[in-house]
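The values are calculated or read from the model by the stated rules, or taken from the named source; none is laboratory data. Predicted, not measured: the structure shown is a model, and the values here were computed from it. Cβ: placed from backbone, ideal geometry, glycine included. Neighbour counts: every protein chain shown. Accessible surface is based on the protein model in full, side chains and every heavy atom, while ligands, DNA and RNA are left aside. Shrake-Rupley method; radii C 1.70, N 1.55, O 1.52, S 1.80 Å.
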Amino acid sequence: MILGCIADDFTGATDLANTLTRRGMHTVQTIGIPKGAAPEADAIVVALKSRTIPAAEAVAQSLDACRWLKAHGAKQIFFKYCSTFDSTDDGNIGPVADALLDELKTNFTIACPAFPENGRTIYLGHLFVGGDLLSDSSMRHHPLTPMTDANLVRVLARQSKHKTGLVPYKTVKAGAPAIAEAFAMLEQQGVRHAIVDALEDKDLENIGAASSGLPLITGGSGIAIGLPANYRVARLIPKREGIAALTKVGGPGIVLSGSCSAATLAQVERFAAAHPARSIDPEALATAPEATIASLLTWAKEQLTSGPALIYASAAPEKVAAVQAKFGREQAGSMIEHAIASIAAGLAQAGVRRFVIAGGETSGAVVSALKVEALEIGPQIAPGVPATLSYGFPRQALALKSGNFGGPDFFSQALDALQ
Ligand code: ADP
């Protein structure tokens, strides 16, 4: 292994594995720390579900993953979080990055969630989602991590015990040597986390080249664009072309959505207009959880012969707010995640092998319920979302979609891609 990655959610892990695979690194995603032998790979992405858990737990899990990756040969560690910097003032990006710096006995790292292909750019430390500042984007309504400040230097400063700084676009544009010089200067000034501006993939390639000597890199999947070239230059990996198609699993498919992000809401609407679809009623779930789950599962099984169906909890911000006011933000989230995960497990028992899952937290719950231990990465379905195939038996084809990824037809495209 060359690159050891720790991802704070499962769809984020898949997104990163997708980028590394597309740039020529043989990459395996594991669900948590592998229990058995380390998979053979250039890069291993350990997927945690640590984005919204208490900061101390996120730190402990991330450190365990870091130690495992180092013990299995990782030469560089990558802490992956969302391209919209999903977090709260308590963490978990800052506390985890602080702890990893200490663990790796290093004084400086970067924080760069830019993902230009999906419209996430950073200018003067401010994160833009498409044409909007993060704080004006739909991310301000996220059910678990509402993002109301676009100034990432400020956001990270609230989460970290260390000084945060900025590498501005002017420097980034000047290329890799100028960026590396800025890293050294910031480190001298006592800055431990530098937000790095980036507007396009070329910037990420230069930032990647400038980061070749950093023991720790933190960011979104975009920043991984520049890393494989470093390992090729160092003759650690060969030049690889193309991504092999995944083995077919066949059988019926299902779409399960627990994401309330704007892109998912449009995907749910598009798919439900042409396919059987059922929504999960949070009220019914709270009153009679087992009966509600059983009835949704029975309905889903009935649909298997007639074509793909959709079960979703996804709802518009005002509905989500009402549910959260009644049941509590975290309780509502975990109640719905549990329901979707139980339905997925029931469908797997009924022979379903192709799953399209929308939502990072939701995917985490489903993949755990399906007892998936590791994923092989296949061709990309949409930017940030590859087709994947579980290792072990039976093999399951999965598309794990982070909330705001994919166009309106994503669910149909994903079912077509998972064969
Ligand atoms: P995304 O990738 O869009 O952020 P996630 O699955 O990570 O999606 O997070 C969405 C969260 O919202 C999950 O915890 C999910 O259970 C919760 N949720 C889904 N539907 C509702 C709803 N109708 N009301 C309240 N919470 C919901």
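Numbers at a glance
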{"item": "Any hit, the stretch 358-373, residues being in contact with a strand residue (DSSP E or B) (Cβ under 6 Å, 6 or more places away or on another chain), open to solvent by less than 50 Å² (accessible area, probe 1.4 Å) and not β-branched (Val, Ile, Thr)", "result": "yes"}
{"item": "Those residues of the stretch 60-88 which are open to solvent by less than 50 Å² (accessible area, probe 1.4 Å), within 16 Å of the ligand (Cβ to nearest atom) and not aromatic (Phe, Trp, Tyr), in sequence order", "result": "Lys80, Cys82, Ser83, Thr84, Asp86, Ser87"}
{"item": "Top-ranked residue in the stretch 245-275 [being touching an Asp or Glu at 6+ places or on another chain (Cβ under 9 Å) and not β-branched (Val, Ile, Thr); ranked as most open to solvent (accessible area, probe 1.4 Å)]", "result": "Arg270"}
{"item": "Helices (runs of 4 or more DSSP H) fully within the stretch 231-313 counting 3 or more residues that are at pLDDT below 95", "result": "none"}
{"item": "In the stretch 224-244, the residues that are in contact (Cβ under 8 Å) with a residue 40 or more places away in the chain and surrounded by 11 or more Cβ atoms within 10 Å (Cβ to Cβ)", "result": "Ala224, Ile225, Leu227, Pro228, Ala229, Tyr231, Arg232, Leu236, Ile237, Arg240, Ile243"}
{"item": "Filter result (open to solvent by less than 10 Å² (accessible area, probe 1.4 Å), more than 16 Å from the chain's Cα centre (by Cα) and of a type in the set (Ser, Thr, Tyr)) within the stretch 374-414", "result": "Ser390"}
{"item": "Check on Gly36, open to solvent by less than 10 Å² (accessible area, probe 1.4 Å), over 19 Å from Leu101 (Cα atoms) and not hydroxyl-bearing (Ser, Thr, Tyr)", "result": "no"}
{"item": "Matching option when the condition is of a type in the set (A, V, I, L, M, F, W, C), in the same structural domain as Arg329 (by TED's automatic domain parsing) and touching a Cys at 6+ places or on another chain (Cβ under 9 Å), among Ala277, Ala313, Ala272, Ala291", "result": "Ala313"}
{"item": "The lone exception for Glu103 - which of (1) at positive phi; (2) touching a Cys at 6+ places or on another chain (Cβ under 6 Å) it fails", "result": "(1)"}
{"item": "Matching entry among Asp201, Asp132 (being in contact with a Ser or Thr (Cβ under 9 Å, 6 or more places away or on another chain) and at negative phi)", "result": "Asp132"}
{"item": "Within the stretch 287-318, tally of residues that are within 14 Å of the ligand (Cβ to nearest atom) and open to solvent by 40 Å² or more (accessible area, probe 1.4 Å)", "result": "4"}
